[in-house]
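Below you'll find the structure, written out as structure tokens, and then a few comments.
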Amino acid sequence: MSLIIRNVQRAVPVRRALLRERVDQIRHILGAQRFDLAVVCISNHHIQRLNRTYRAKNIPTDVLSFPFHENLKPGMLPMASSQDELNLGDIFLGVEYIHQQCEENKEDYNSVLTVTVAHGLCHLLGYKHSTEEEWQQMYERETQILQEINRLSGTHLQPLTKNLF
């Protein structure tokens with residue numbers, strides 16, 4: 001199904017073709033390529049506003065995921081009863097924040113975007129990291145996804161939540 005990638009900020013360049021390729025790889029690995037998905041690249045100002053509105057945190061962040069299907073069991077694909085329900089949801093990437101973090105940590109920006117999208121997609125599929133048990137489950141799934149991307153592309157990507165607990 002469709003994948004929409006929008007860049008609605010101007011602070012940081014986004015290689016949309018590479019991002020699209022990586023998102024498609026992740027969707028394929030997850031078996032979710034038949035579901036619609038939107039990935040929106042936004043500024044610090046906009047991600048902070050979303051974070052304040054939906055999480056009561058008045059700071060910028062790297063990624064916010066808004067699932068179309070609520071309360072999915074981690075790793076389960078949604079059961080769509082109609083064509084309209086073939087939607088995973090929306091991922092908002094705080095690309096300005098991500099870029100700043102990459103500069104501080106001397107990490108490759110495009111690699112971190114890939115890892116961040118994998119993290120966001122895991123959230124759309126019901127994974128959480130509020131408890132150590134949830135984190136372990138999500139970390140294992142992210143690791144599997146990134147290992148497959150590493151195999152396909154020769155990269156060395158690691159999960160975002162590597163040192164959470």
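The values are calculated or read from the model by the stated rules, or taken from the named source; none is laboratory data. Please read all numbers here as calculations on a predicted model, not as lab measurements. Positions of Cβ are backbone-derived with ideal geometry, glycine not excepted, and every protein chain shown enters the neighbour counts. Note: areas computed on protein heavy atoms with side chains; ligands, DNA, RNA excluded. Shrake-Rupley method; radii C 1.70, N 1.55, O 1.52, S 1.80 Å.
So which residues in segment 89-120 are outside any helix (DSSP H, G or I), closer than 22 Å to THR143 by Cβ and open to solvent by less than 10 Å² (accessible area, probe 1.4 Å)?
Of the residues in segment 89-120, the ones outside any helix (DSSP H, G or I) are 89-94, 106-108.
Narrowing further to those that are closer than 22 Å to THR143 by Cβ: 91, 93, 107-108.
Within segment 89-120, ILE91, LEU93 qualify.
Kindly list, by first and then second residue, each pair from a residue in segment 44-55 that is surrounded by 12 or more Cβ atoms within 10 Å (Cβ to Cβ) to a residue that is at pLDDT 95 or above and assigned to a helix (DSSP H, G or I), limited to pairs with Cβ atoms under 7 Å and residues at least 6 apart or on different chains.
Once the first residue is surrounded by 12 or more Cβ atoms within 10 Å (Cβ to Cβ) and sits in segment 44-55, its partners that are at pLDDT 95 or above and assigned to a helix (DSSP H, G or I) give ASN44/GLU96; ASN44/TYR97; ILE47/TYR97.
Quick check on ARG151: is it in a helix (DSSP H, G or I), in contact with a helix residue (DSSP H, G or I) (Cβ under 9 Å, 6 or more places away or on another chain) and open to solvent by 10 Å² or more (accessible area, probe 1.4 Å)?
No: the conditions fail for ARG151.
Just name the residue that is modelled with the highest pLDDT out of those in segment 130-148 that are among the aliphatic types (A, V, I, L, M) and more than 16 Å from GLU107 (Cβ to Cβ).
If we filter segment 130-148 for residues that are among the aliphatic types (A, V, I, L, M), which is where we start, we get 138, 145-146.
Next cut, more than 16 Å from GLU107 (Cβ to Cβ) only: 138, 145.
On the way: MET138: 94, ILE145: 97.
Per the stated criteria, the residue is ILE145.
When you look at GLN9, is it within 21 Å of LEU152 (Cβ to Cβ), open to solvent by less than 50 Å² (accessible area, probe 1.4 Å) and either of a type in the set (S, T, N, Q) or assigned to a strand (DSSP E or B) (or both), yes or no?
Numbers: within 21 Å of LEU152 (Cβ to Cβ): no; open to solvent by less than 50 Å² (accessible area, probe 1.4 Å): yes; either of a type in the set (S, T, N, Q) or assigned to a strand (DSSP E or B) (or both): yes.
Considered against the rule, which asks whether it is within 21 Å of LEU152 (Cβ to Cβ), open to solvent by less than 50 Å² (accessible area, probe 1.4 Å) and either of a type in the set (S, T, N, Q) or assigned to a strand (DSSP E or B) (or both), GLN9 comes out as no.
Report, ordered by the first and then the second residue, all pairs with beta carbons closer than 6 Å, sequence separation of six or more or different chains, a first member in segment 1-17 that is within 15 Å of VAL63 (Cα to Cα), and a second member that is open to solvent by 100 Å² or more (accessible area, probe 1.4 Å).
ILE5/ARG16
Go through (1) out of contact with any strand residue (DSSP E or B) (no Cβ under 8 Å at 6 or more places or on another chain); (2) surrounded by 13 or more Cβ atoms within 10 Å (Cβ to Cβ); (3) charged (D, E, K, R) and name the single condition GLU133 misses.
Result: GLU133 fails condition (2) only.
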